[in-house]
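Inspection log for the structure reproduced underneath, given as structure tokens.
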Amino acid sequence: MAAPVPPGAHRPNNPQNSAPPPNFVPGSQGNPQHSLAANMQNLNIHRPGPPMPGSGPRPPPPFGQSPQAYPQSAPSYGVQQQQPRPSPMARPGPPPPAAMTRPGGPPPPQISQPGVFPPNFPVGRPAVPPSSQPPFGTRPSSGPLPGGGSFPQPGGLPASGPPGGVAAAPPSGARPIGFGSPPPMGPSMSMPPPGMPGGPVTNGPPMMGPGGFPRGPQPMMGPPPPYRQPPNAGPGGSPLTSPPAPPTTFPGAPFGRPAVTANFLYGPPPQQLPSASGTPGSMHGMGAALNQSMTTVSSPSKIDLNQIPRPSSSSSPVVYDTRMDNQANPPPPTTVDYIARDTGNCSPRYMRCTISQIPCTVDLLSTSGMQLALIVQPMALSHPSEEPIQVVDFGESGPVRCSRCKGYMNPFMKFIDHGKKFTCNLCGYTDETPRDYQCNLGPDGRRRDADERPELCRGTVDFAATKEYMVRDPMPAVYFFLIDVSMNAVQTGATAAACSAIQQVLSDLPEGPRTFVGIATFDSTIHFYNLKRALQQPLMLIVPDVQDVYTPLETDVIVQLSECRQHLEILLESIPTMFQESKSPESAFGAAVKAAFLAMKSTGGKLMVFQSVLPSVGIGALSSREADGRANASAGEKEAHKLLQPADKTLRTMAIEFAEYQVCVDLFITTQAYVDMASISDIPRTTGGQVYCYYPFSALSDPPKLYNDLRWNITRPQGFEAVMRVRCSQGIQVQEYSGNFCKRIPTDIDLPAIDCDKAVMVTLKHDDKLQDGAECGFQCALLYTTILGDRRIRVINLSLPCTNMLSNLFRSADLDTQFACMLKQVANEIPSKALSLVKEQAVNNCVSTLYSYRKFCATVTSSGQLILPEALKLLPLYALALTKGVGLRTDGRIDDRSFWINHVSSLSTPLAIPLVYPRMIAVHDLDAKDNEETVVPSPIPLQSENLKDEGVYFLENGDDALIYVGESVNSDILQKLFDVPSAAEIPSQYVLQKYDNQLSKKFNDVVNEIRRQRSSYLRIKLCKKGDPTGMLFLSYMVEDRTAGGQSYVEFLVQVHRQIQHKLN
């Protein structure tokens, strides 16, 4: 008889230990001089100071590295940078290789054939449209990659192990003890009296705090393989060449403040400061810097614009340990390319808090003016060099849990009484340890097997779920495609584009008997298709009643993919011609969605709807409200916001039923007119789906993006029939969840589908006082089904120190997460309040936070200085950009604003800032920049004075992109980039092409790299100076004075005046 296997260990015959199949989807595991206030004399930025008394001496630099000097001048590094992270994460490319191995399984097979994809390997999305530009392609083949080259093996790492130990398990010394308090913080006050700094802060020289570094030089993993070419790419098509690998050694600077380099983006190079040796660092492993830096204004009408806080860029990757010295390490900004090492707390990719230290009382939090919230992205893509999330199987007994709060075993639960009992870090209850889970404790109070058990040493882990976590067998992978064939859809080419995209992605659906597909079309009636193999050709089944719908022959409508692939391909080719003569302008959208749901009701699954016109007949029919909307908005009518609310509750009621039966709806809006986005987007928002908008739809330039969006939707890491709950330590509780989900009970949210791009905001509130110096724990548990049919519980843990000092809150503020929460709250309020009120509230929130810092924490008392905390110095810029964005502008289309609200609802933290403060780069001189460390060059501030008439510029916000062509661009540059001698000859419906010259190749590489970073193909629109499209581009210059708002400098003056008014 085989020896018994302890719970949590890998079972020899467990199929979960074997190598995953090749199609495995990870996750299953203006002019400022004339506009300044006379009293604006100084701009002063605070940076974190030395630690509080009693926090102990600073440990020596990790791994024997000496601290690096920090620049003395103002903001050009080490802050929450805005420019999107140039991460080599495999977003629209293949799934992160590191997540494709499971513990205990054999190493993934090497791909011996260069440039050939393994069978059904879910490679990344194509990055460029076909050069020959037939509007629609045929199904892609899996031949060699254009340009040759082989792919790294699916595991992403050499068979001999991870490079330099980057993704290897940290040594035991780096593991969290998790029990006991951090060093005492000394005497503290919850609200210092006016005029007193909130804790000892100084203007002394900078100091280094500990940060996470690798041991010795570490080879960095190269980026994942390039995307696949889209089908029919001709000789001019652009294979996405993979960018050069990052440097082989990591910078010797703490993660949050990248190593100082020579190329400072704004202002003169700062002077180097010798670092003070033997001085204590700042609290909790946070790299300290100058507490404040000052911008002196020589006269009220002159501000040194180079000294105003602006986003800076970071290129060098850093290794970030989530905990060090048994203390939480504040996360790096999302713009930093980091490799997270899970040493007890989860990677910040999965969960981030707005403040990395938790205020002990609600009074302290309200005094700070900041909000306490988590952004949770449970299926987020990891960096290819990070260790995959481990799957732990406890057998039939299931994972060990607290019997009172039902929290899951984690690194912060404390074992006592020789390991026979454990105390929950969330509710404080002491439980008996199950006998077969007991283990002796070491002298440090930790279990001796803690480093061998992922649930005791890792912040994120997947538990195999037992039968008690299932109400039915795990659902199969069901994909149902619903296509608009109304007259408008057929004539604009939207129907043909949808059919072509579906046909091309069939090869990307998971292979095997668990994959089912169905298809239907609709205009004023609904047409189902019998796809049974026995039939010689697909049979159309028409449902004429669009008020009381039904589904004919459910078993014949949704069929195994392996059984109907040939029929499906024939049908998709013939649909555009079948409805070519259609004279029906009506759309029974609501009825068609309801009928498709009835077909899927027994299994659940993904329903992908391609919609082109306003739903006008049948269930949920809508009428055009846009004409009223435009009149109301322009007249300043206070009720205009009601056009951003659903017209009635019909579609919402349907969506709740869909969610109950695990049907997730994704909408692809291929329209050239108003479709009442506010009403129809309610369905994806309630069912965990997504809205994609192609307005105005172009049959020339949009099909490649439609194909890429559909393909990424299907191949990205995702889970089905999910339930999520966040638990907190005593003293803190969840106040509200916000995102794309359905909520039936207060504590949980239901997600018919959850994918790597979706995030949920969890706002928190105090229900009791916390103990200064203790730790506060947060645990997110996500129960979901993998695409292969395995039931899993993903448990994500974060433990943060509690503090009674206001200065600590400002020192540990996380700008990216705070702004993401601010953005989501604004989006939630727009449909129920006048825009002017929402805009005013956003500015007031920013002012309140900065006022609190100025009053209680600032060391400079001159009334002529605007003082900003280092961690939040860019908050005014982003608040200004938000007030000028699509969501809060009064001149936009109602549908555009509704789409923006829906898009923000599930937006992840790294994409929040780029949405309102896009990245702009110069294209005309790309070929002159041969020494750039990264493929994407440094961004340019969003000011029109930076746009030269002889320049070409590219701007992207994570979802859309614009190319701006100046009036006097050199004809040689135009020839290289657009293959035309003058700007007037560039076609208005621009399609990116790759020509045989260095500039064009570099530009294509930049665009493809940004597409990979953003998980989005990016629609590219051409803008020329002097015509309306040029004005569109200028509307993104948020630092300028516009009809919609002040310039950045004027806004800083306004913020300063409001703070002064409050102080006086």
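Using the scaling law 2.2 N^0.38 Å as the reference, what is the normalised Cα Rg of the range 564-624?
On the way: Rg = 14.0 Å, N = 61, 2.2 N^0.38 = 10.5 Å.
The range 564-624 yields a ratio of 1.33.
Given a Förster distance of 60 angstrom, what is the FRET efficiency for Lys765 paired with Ser616, based on the Cβ-Cβ distance and rounded to 0.05? Working shown, then result.
Numbers: r = 45 Å, r/R0 = 0.74.
According to the calculation, E is roughly 0.85.
At 0.36 nm per residue, and after removing the present C-alpha to C-alpha distance, how many nm does the segment from Gln735 to Met1031 gain when stretched out fully? Don't skip to the answer; put the middle values down first.
Values: separation 296, 0.36 × 296 = 106.56 nm, distance 4.24 nm.
Working it through step by step, the gained length comes to 102.3 nm.
Net charge near Arg744, counting Lys/Arg +1 and Asp/Glu -1 over other residues with Cβ under 9 Å of its Cβ?
-2
Can you give me the accessible area per residue for the range 883-1061, using a 1.4 Å probe, in Å²?
Working: 6350 Å² over 179 residues.
Accessible surface, normalised per residue, equals 35 Å².
Under a cut-off of 12 Å between alpha-carbon atoms, report the aspartates and glutamates in cross-link reach of Lys994, not counting same-chain residues fewer than 8 places apart.
Asp979, Asp1005
At a 1.4 Å probe radius, carbon and sulfur cover how many percent of the accessible area of the range 883-1061? Don't jump to the answer; show the numbers that get you there.
Working: 3040 of 6350 Å².
Of the solvent-accessible surface of the range 883-1061, carbon and sulfur hold 48 percent.
How big, on average over all directions, is the shadow cast by the Cα convex hull of the range 984-1023, in nm²? Mind showing how you got there, number by number?
Working: hull surface 13.1 nm².
Its Cα hull, projected and averaged over all orientations, spans 3.3 nm².
So, by mean Cβ neighbours within 10 angstrom, what's the order for 682-689, 737-744 with the highest one leading? Write down the numbers at each step before the final one.
Working: 682-689: 27.0, 737-744: 19.6.
Ranked from most to least packed, the peptides come out as 682-689, 737-744.
For Gln989, put the label point 7 Å out on the Cα→Cβ axis and report which residues of the range 658-697 keep their amide N under 17 Å from it.
Output list for this probe position: 670-673, 694-697.
Averaged across orientations, what area in nm² does the convex hull of the alpha carbons in the range 895-991 project? Could the numbers behind the result be given before it?
On the way: hull surface 31.8 nm².
The orientation-averaged projected area of the Cα hull of the range 895-991 comes to 8.0 nm².
Counting Lys +1, Arg +1, Asp -1, Glu -1, what net charge surrounds Leu798 among other residues with beta carbon under 13 Å of its beta carbon?
On the way: positive: Arg323, Arg349, Arg352, Arg458, Arg727; negative: Asp342, Glu775, Asp814.
Surrounding charge for Leu798 is +2.
Need the C-alpha centroid separation for the range 399-464 versus the range 519-580, integer Å.
When both Cα centres are located, 53 Å separates them.
Net charge near Thr670: determine it from the other residues with C-beta under 14 Å of the C-beta of Thr670, scoring Lys and Arg +1 and Asp and Glu -1. Each step should come with its number before you reach the end.
Working: positive: Lys705, Arg1019; negative: Asp484, Asp666, Asp702, Asp709, Asp895.
Neighbourhood net charge equals -3.
Could you check the spin-label model distance between Tyr550 and Lys1062? Points 7 Å from the Cα along Cα→Cβ, value in nm.
Placing both labels 7 Å along Cα→Cβ, they lie 6.4 nm apart.
So for the range 883-1061: antiparallel DSSP bridges make up what percent, rounded to the nearest 5? Display every interim value, and only then the final one.
Working: 10 of 16 bridges.
Bridges in the range 883-1061 that DSSP calls antiparallel: roughly 60 percent.
For the range 354-469, give the percent of accessible area contributed by carbon and sulfur heavy atoms, probe 1.4 Å, rounded to a whole number. Before the final figure, lay out the partial values.
Details: 1910 of 4170 Å².
Accessible surface attributable to carbon and sulfur in the range 354-469 totals 46 percent.
Which value, in debye to the nearest 20, describes the size of the charge dipole of the range 652-729 about its Cα centre when Lys and Arg Cβ atoms bear +1, Asp and Glu Cβ atoms bear -1, and nothing else is charged?
On the way: 7 positive and 8 negative charges, 68 e Å.
It comes to approximately 320 debye.
Provide, in order from the shortest bin, the percent of all Cα-Cα pairs of the range 936-1033 in each 10 Å bin, continuing until the bin that contains the maximum pair distance.
Whole-percent P(r) values from 0 Å outward: 15, 50, 33, 2.
As a quick test, which of the pairs Lys606/Lys884; Lys948/Lys1001; Lys649/Lys705 have an alpha carbon distance above 25 angstrom in this structure?
On the way: Lys606/Lys884 36 Å; Lys948/Lys1001 23 Å; Lys649/Lys705 32 Å.
Among Lys606/Lys884; Lys948/Lys1001; Lys649/Lys705, the Cα-Cα distance tops 25 Å for Lys606/Lys884; Lys649/Lys705.
Take Met470 and Ser397, extend 7 Å from each Cα along the Cα→Cβ direction, and tell me the distance between the two endpoints in nm.
Simple spin-label model gives 2.2 nm for this pair.
What is the calculated FRET efficiency for Thr890 to Asp972, with r their C-beta to C-beta distance and R₀ = 41 Å, to the nearest 0.05? Mind dumping the intermediate values first?
Details: r = 42 Å, r/R0 = 1.03.
Efficiency computed from Cβ-Cβ geometry: 0.45.
I'd like the per residue volume of the convex hull spanned by the Cα atoms of the range 883-1061, given in cubic angstrom.
Details: hull volume 25.7 nm³, N = 179.
Dividing the Cα hull volume of the range 883-1061 by its residue count gives 144 Å³.
Taking a temperature of 25 °C and a viscosity of 0.890 mPa s, what whole-number D in µm²/s does Stokes-Einstein yield for the range 822-895 with Rh from Kirkwood over alpha carbon pairs? Could you put the intermediate results ahead of the total?
Values: Rh = 13.7 Å.
Calculated translational D: 179 µm²/s.
The values are calculated or read from the model by the stated rules, or taken from the named source; none is laboratory data. If you're wondering where the values come from, they're calculated on a predicted model, not measured in any experiment. Please note: Cβ atoms are built from the backbone with ideal geometry, for glycine as well, and neighbour counts cover all protein chains shown. SASA here: full protein model, heavy atoms, side chains in, ligands and nucleic acids out. Shrake-Rupley method; radii C 1.70, N 1.55, O 1.52, S 1.80 Å.
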